[in-house]
Amino acid sequence: MEIKTAIYAAILTGSLAFLTYFGSSCGSSKDLPTPEKQTLREAVFPFGGAISPEFLKNDTQYRELAAREFSSITAEYVMKMTAISRGKDVYDFAAADEIIDFARKNKMRVHGHTLVWYRETPEWLKNYTGTREDFIMLLEKYIKAVAGHFKGKVVSWDVVNEALLDDGSIRIEENIWYQKIGLEYIEIAFRAAHKADPDALLFYNEYGQEYSKVKSDAVNKLMDELIEKRVPIHGIGLQMHTNANINDLQLKQAVRDAGAKGLKVHISELDVQTNMENNSDYVFTEESALKQKEVYRWATEAMMELPANQRFGITFWGVTDQYSWRWLYEGIPDKVLPFSEKYEHKPGYEGILEGLKEK
C-alpha cells in the first residue's frame, strides 16, 4: 500500500490512529504525526483490560501500556477456580495476588472474575462425592475463602458466569453446580459472596446478549427472579466477544436492555473479531480496521447513553493483539483489540475516543 493511500484514508475518516497503525508498515514511524496524549484512564467511566501476571512480569511494554491506559483490570485466568483451588480447602492465591499488587501500585480498580463458572472445574471437584447439602456447603465455603481473601482489594465480582445457553434455558451439561444443587446454586452464590464481602458489587456475567434478544430477555428474566427474592445483585456483565458484522442497533439495544432495571452495566470482555471465517491466511486490512473501529465506537456510545451511575465501564479481553485469546489460545490469526501486537493505537482506539464525546 502506498503511503499516500493511507494518508487519504486517514483524512476521509478523521483517523489519526488509522494513519499511525497502517502508516507504520509502509514508512518510517518518525515521519508520522505523534498521537494525542489523551489516554483511556482519563475517560468519564473506567476502561480496563484482562491481565495475565505472566505477561506483567515478562513484558515491559505490556505492563506500561496497561498502567497508562487502564483504570480497571480483570484477571484473565488466575482468579478462576482451577487456578485457585488446589484441593478441598486448599487455596493458592499467589498469582492472583500479583494482579492485586499491580493494581495497587497503579491506583487501579480490580474486578474479580469469576467465582462460579461451569468451566474451569478442578479435577478434585469433578471427583468429589457428596449430597446436595455437601455441595452447597462446599460452594459457600469456597466463595467465603476467595471473596474473603480479596475483601477490600477487589471492588466487584462476576459471581456467576454463563449460566444460560443460547436459547435462554439454564445450562445443565458440564455444569456441576446445577447438577448437584439445582438452579438455586445461583442465588446461593450471590448470597455467599455478599456475606463474604458486603461492600463488593456483584455481577451476573453472560455472553451473546448483543446477538440474541432471546438470550438478553433470558438474562433479564433471571435478574427479575433474583431481585424478587431480594438476592444481592448490583449489575449485569455483557461479555461482548463480538465481530465486525454486528450492527449498531443490535449492540446498543442489548446495552439498553441490560440497563433497563437500573442495575450497573459492565461491557466485561470486549473484543471485535474481523476474521469470522477463522482463515489461517487471514490478513487484517484497512477495511477490517475501519469496520472494527465502528464497533468499538458503538460499544462506547452505548455505555455513554446510560445514566452515569450505571456505567460500570468497558473491559477489553486482553491488552494487545500480541496476546489475545483468539491468537494465543485458539491459534486463529485475528486482530481483535484496540492495541496492536506492536503496542500501537489501532483505528479502534480512535473509535473509542469518538464514542466518548458527548452528543
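Structure data summary
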item	result
Rounded Å value of the spacing that divides the Cα centres of region 78-111 and region 263-297	29 Å
Length gained when the stretch GLU123-LYS195 is fully extended (0.36 nm per residue, less Cα-Cα span)	23.2 nm
Value in Å of the Kirkwood radius, where region 285-329 supplies the Cα pairs that are averaged	12.5 Å
Within the chain: Cβ-based charge dipole about Cα centre, in debye rounded to nearest 20 (Lys, Arg +1; Asp, Glu -1)	1080 debye
Additional length obtainable on full extension of the chain from LEU165 to LYS261, 0.36 nm per residue less Cα span	32.4 nm
Highest-MSF residue in the chain out of ASN279, ASN175, ASN245 [GNM, Cα springs under 10 Å]	ASN279
Where N is the number of residues in region 227-276, Cα Rg divided by 2.2 N^0.38 Å	1.36
Placed amide H near ASN275: partners under 5 Å, 5+ positions off or other chain	LYS335
Most positive-pole-ward Cα, GLY318, TRP124, HIS149, against dipole of the chain from beta carbon charges	HIS149
Within straight-line cross-link reach of LYS37, lysines at Cα separation under 23 Å, skipping those fewer than 8 residues along the same chain	LYS105, LYS107, LYS293, LYS342, LYS346, LYS357, LYS359
The chain: angle of helix 213-228 to the longest principal axis, Cα-based, in degrees nearest 10	40 degrees
Estimated 222 nm signal from helices in the chain, with DSSP H stretches of n ≥ 4 weighted -39500 (n - 2.57), rounded to 500	-12500 deg cm²/dmol
For the chain, built as a Gaussian network whose Cα springs stay under 10 Å, the top-fluctuating residue of LYS37, LYS335, LYS264	LYS37
Cα-based equivalent ellipsoid, the chain: semi-axes from gyration tensor eigenvalues, Å	36, 22, 19
Angle in degrees between helix 3-13 and the longest Cα principal axis of the chain, rounded to the nearest 10	60 degrees
Förster-model FRET efficiency, 41 Å R0, THR60 and VAL90, C-beta, rounded to 0.05	0.75
With 5 Å bins from 0: P(r) over region 167-257, alpha-carbon pairs, percent	3, 12, 21, 22, 20, 13, 7, 3, 0
Distance-filtered residues of region 326-347 - backbone nitrogen under 20 Å, label point 7 angstrom along ARG68 Cα→Cβ	336-347
Label point distance in nm, ASN106-GLU133, each placed 7 Å from Cα along Cα→Cβ	4.8 nm
Relative contact order of the chain, pairs being alpha-carbon contacts under 8 Å that are 6 or more residues apart, as %	16 percent
Nearest 10 degrees, 0 to 90: helix 184-196 Cα axis against the chain principal axis	80 degrees
Distant-in-sequence amide H partners of HIS241 (H built 1.01 Å from N, under 5 Å)	GLY208, ASP271
Gaussian network model of the chain, springs between alpha carbon atoms under 10 Å - residue of GLY152, GLY130, GLY318 with greatest fluctuation	GLY130
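Taken together, the values in this text are just the output of simple stated rules run on the coordinates, not laboratory data. What you are looking at is a predicted structure, and each value in this text was computed from that prediction instead of being measured. Cβ atoms come from the backbone with ideal geometry, glycine included; neighbour counts cover every protein chain shown.
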